[in-house]
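Presented below is the structure to which this report refers.
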Amino acid sequence: MPPRTILLTVANLLIPVAILVFATGFFPYKPFMPGLAEYEELGWSDRLGEDWQNPPEAPFDKLIFMVVDALRSDFVYGEDSGMSFVQSLIRDGSALPFTAHATSPTITMPRVKAITTGSIPSFVDVILNFAESDTTSTLATQDTWLAQIAAKDFDNGKGKLIMYGDDTWLKLFPNVFERADGTSSFFVSDFTEVDNNVTRHVPNELLNSDWNAMIMHYLGLDHIGHKAGPQSPNMIPKQREMDEIVRDIYNAIENEDHLSNTLFVLCGDHGMNDGGNHGGSSPGETSPALVFMSPKLTKITTTAKRQSPVKPRTEGEFEYYRMVEQSDIAPTLAGLLGFPVPRNNLGVFLEDFLKLWDKTSDGVQLLCRNAKQMKKIVEAKYTNLRFDEVVLSTKEMGFDCSGPNDSHLTEGQSLACLWQRVVSAMKDGSDVHVPVYKFMHEAQETMSSTASNYNVPRLFLGTALALLICSFSYFTLPSCRPITPAGIYYSLVLVLYAVLMFASSYVEEEHNFWYWATSGWFLCLFVTNMRKEWYSKWLFHPAIMALAIHRIIRRWNQTGQKYAGADDIVNSGIFHGGNSIILWGVIGATYMDITIRLARHIARSLATFDTEQTVHNVEIESTDQNRMFGTIAVLPLCGTSLIFKLAFTAKDAPELTSGISTGMMERVEMLDLLGLARMVFGGLLLSGIWITFTEWYRSKRRARRGAQGNGELAVAFFDLTTLFLLTQTKAQNIPLYFLFRLQYFLLTLLDLTPTAITLTTLLQIQTSFFALGNSNSISSIDLSNSYNGISDYNVLAVGALVFLSNWAGPVYWSLAGILLLGSHGRTQRFVDTSELHVADWVAREREWLNEMASKEEKGRQVRKGAAAWRQHVALLTFWVGVMLGAVMGACMSSCPNSYHPRPTPWERSAQVVNSSAQYNTHTARYPRARYQPARAQECE
């Protein structure tokens, strides 16, 4: 094996190794204190009396905790909300509303962990959230308010819990619930049954008195968001449905004696962005609603403003009423239900509820228990500082806390000083509320943003491996001589990308870089080609036309973070309502194009066994009869795919089908989506098998005659894959494939070098990803096509469909790059240049035929030889190596030990971690499931 091949092989094998090593060091394991918290000695009894140590009586003894997935704050509090009953409770004073800030990642599993433990979950939970069969993320050994309720002694014995809804709770809390019925959160096409499965249990459970906490987690509203966004016509009816459930439960609390002391909590685990997705840190994603409801709350809401609905504090934002942290739910429930605050809690008891206790000392005790619990976590972090419960001198502290400005103090020293103020207030008998809340809020912010337990050696090792990949692949690159425009542009793009990775604003708006880089490359192709041959009508030059199409493609979907809601083609209205017929006309043209191409492949396969053609032909050509039968054979497959997409869109985004005949849509909507998808996938598989067999048969015939093929099998698989990708793409994005095909055709007209083809492929891979509406935020991951043809959850099948539906554009251009490099599918004329004697009276035609023969021979040599392919892989590998090194270096340089409001490192780290799921020697594509924290978070 040649040394270059060995180096290239080793470099590619090191890519997943480097990613895994760096990821295991960058995503640290967060330690937690095991065991259940218990009421402890508070101290200060000499001033407050012995009764001070007895926990205050809890105002509630039952809890109904209703989670509505993706319940954004405006869905409850806004003027367009469908939850009128909840708003009436707010006006009556029976409900206390908040906006709960959900820190990124805004994904169900980490948010449930935050709600139940009061802590900041690990970012690894994002991955575990998608693993339906995962059991390693359990909270069975951690302290949560569920564990505290289960351990508490009630009148009927130990606490009993029941749960209905999202089975994430069953994974997190195994063997905790007396009764449970879980539903999968990944069937996003289901808006109704997934919620009915929860609601059907509610009436009977409201009559039962054997439970102390009932948890419900509704998924339908989140599914609607994923499918059609927050403006979907299904959104308001779903809100009204949830509102009716709240009404039924609240009426039962008022009328049933055994529910008279029940606290009813309605909340969202996260919100959603303007696209209906979540996972990132946009205001819509991090602003779920939080409502506490009970007739007892009128005691503390007499002086509160009872307006509802209301407008947000800032136009375009989602902060209604008071903003609190989602982790504040855990200590608040602890105080209201009478159990110790969970040991790992970083939440703060909500001061609005202190008036439920008549004695001021009861409220002070709750706050002190909360503060002492948080102090233990602070002490574990800052072991060199003193957090004694007696007043310390400056000498004992080691620094001065008496100054008006504490900017000279470290974060740990500042917390120690704040704790001293709490101790002083307790000793002096002064108002303790202000210093206690000041300490807890500062501790909450500091401990939530402090980096911990990074395995620095692994970070350096992973980065070193990335640099080693660059070194190995560098020595396999083609010669730098002569210097070519493609080589210069390739180097320039790599350098700019590596530098810009250190800027957080670039990470958020990366698509702009690739859009402009691709535009510049097309312009460069035009200039270099014009130097070889002047086009009198330069506007129709293939590079200029490809650039014009690129301009349309980049405006198809607006993406990124800052301008995600800006105008684009898809949302401009030309494809909605009555104009949707325009969209389906373009979709039909796209399907017609792929139908014609597939029909040619089938016709060619039928011609393979045509015995009437002369045996002297090297390649048996298809006849009109073959082409007719090919079209007849392909029409059912492509037609079924189109009907499936139409039926799917009718349920997924009905506003995109309203311009089509009502009678026709009624018949289409009656079709079984599962069966249609399976018919399409089965047809693609059978077509692929048949074409492979016939091409194998042809190859045997060519081998006997010493002839070569022209890569028709590769072209056939490319076209079959395209049809599959159309099935996995949202309807409004299908026309992009028609534009991609036009660009591909125009690129075949240019005489591109192998380096230029590789660079073009890489740029189109990046551009197509963002053009299809994706971004660097995990919130843009689309799950709507993840269950096509699947009746039950299967981790491999769903994972593959999620990948192919979200990275369809990169997959398309990765395969297109292979065809461009090998000139696959081009008509071969086998021009014999020896027959072109000088006496030929058409000299220009002779020149053209010589050029044609040269190109055909070049294509045959590329397909036959390994040099061009090795060069292609070398350029891709070096590209990935440089990107990995840049990403890892940026992550290491921006991992702070203090608060950073800008989301620099998480987005980059996720790019590194998930690259192993996507990289191969043809795509060289980084995944875009990167995450942006909204507030002070750990650098992970």
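The values are calculated or read from the model by the stated rules, or taken from the named source; none is laboratory data. Note that this is a predicted model, so its numbers are computed, not measured. Cβ: placed from backbone, ideal geometry, glycine included. Neighbour counts: every protein chain shown. SASA here: full protein model, heavy atoms, side chains in, ligands and nucleic acids out. Shrake-Rupley method; radii C 1.70, N 1.55, O 1.52, S 1.80 Å.
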query = Does the range 696-718 contain any residue that is among the polar types (S, T, N, Q) and under 28 Å from F644 (Cβ atoms)?
reply = no
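Let's see how each residue does on (1) modelled with pLDDT of 80 or more; (2) hydrophobic (A, V, I, L, M, F, W, C):
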{"residue": "E847", "(1), (2)": "no, no"}
{"residue": "A853", "(1), (2)": "no, yes"}
{"residue": "E856", "(1), (2)": "no, no"}
{"residue": "V862", "(1), (2)": "no, yes"}
{"residue": "L876", "(1), (2)": "yes, yes"}
{"residue": "M883", "(1), (2)": "yes, yes"}
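Yes/no matrix, rows are residues, columns are (1) open to solvent by 10 Å² or more (accessible area, probe 1.4 Å); (2) at pLDDT below 85; (3) under 16 Å from the mean Cα position of the chain (by Cα); (4) within 16 Å of L875 (Cβ to Cβ):
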site	(1), (2), (3), (4)
L742	yes, no, no, no
T761	no, no, no, yes
T767	no, no, no, no
S791	yes, yes, no, no
V795	yes, yes, no, no
G809	no, no, no, no
inquiry  = Going through I643, I689, I660 one at a time, which residue ends up being surrounded by fewer than 21 Cβ atoms within 10 Å (Cβ to Cβ), within 35 Å of the chain's Cα centre (by Cα), part of a loop (DSSP other than H, G, I, E, B) and among the β-branched types (V, I, T)?
reply    = I660
inquiry  = Given the criteria open to solvent by 10 Å² or more (accessible area, probe 1.4 Å), assigned by the TED database to the domain that holds P654, more than 30 Å from T694 (Cβ to Cβ) and not in a helix (DSSP H, G or I), does L752 qualify?
reply    = yes
G630 vs. criteria in the same structural domain as A797 (by the TED database) and under 30 Å from F575 (Cα atoms) = no
ask   = Picking from F292, F318, F339, F353, which residue would you name as being aromatic (F, W, Y) and under 18 Å from D74 (Cβ atoms)?
value = F318
ask   = Considering the range 284-309 alone, what residues qualify as being in a loop (DSSP other than H, G, I, E, B) and out of contact with any Gly (no Cβ under 8 Å at 6 or more places or on another chain)?
value = S294, I300, T303, K305, Q307, S308
key: helices (runs of 4 or more DSSP H) fully within the range 312-414 counting 2 or more residues that are buried (at least 21 other Cβ atoms within 10 Å of the Cβ), at pLDDT 85 or above and not assigned by the TED database to the domain that holds L290   = 329-337, 360-381
ask   = Where in the range 159-237 are there strands (runs of 3 or more DSSP E), lying wholly inside it, with at least 1 residues that are in the same structural domain as L263 (by the TED database) and surrounded by fewer than 18 Cβ atoms within 10 Å (Cβ to Cβ)?
value = 177-183
ask   = Within the bounds of the range 132-153, is there any residue that is in the same structural domain as N212 (by the TED database), part of a strand (DSSP E or B) and either at pLDDT below 85 or not acidic (D, E) (or both)?
value = no
Where a residue in the range 41-69 is under 30 Å from Y164 (Cβ atoms) and its partner, wherever it lies, is at pLDDT below 80, with Cβ under 9 Å and at least six apart = D61/D155; D69/S185
task = Considering every residue within the range 453-468, establish whether at least one is closer than 30 Å to A874 by Cβ, touching a residue at least 24 places away in the same chain (Cβ under 8 Å) and of a type in the set (K, R).
result = yes
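Here are N571, N617: which of them is surrounded by 14 or more Cβ atoms within 10 Å (Cβ to Cβ) and at pLDDT below 85?
The conditions single out N571.
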query = What are the residues in the range 775-787 that are open to solvent by 10 Å² or more (accessible area, probe 1.4 Å), of a type outside the set (S, T, Y) and over 8 Å from the mean Cα position of the chain (by Cα), if any?
reply = L783
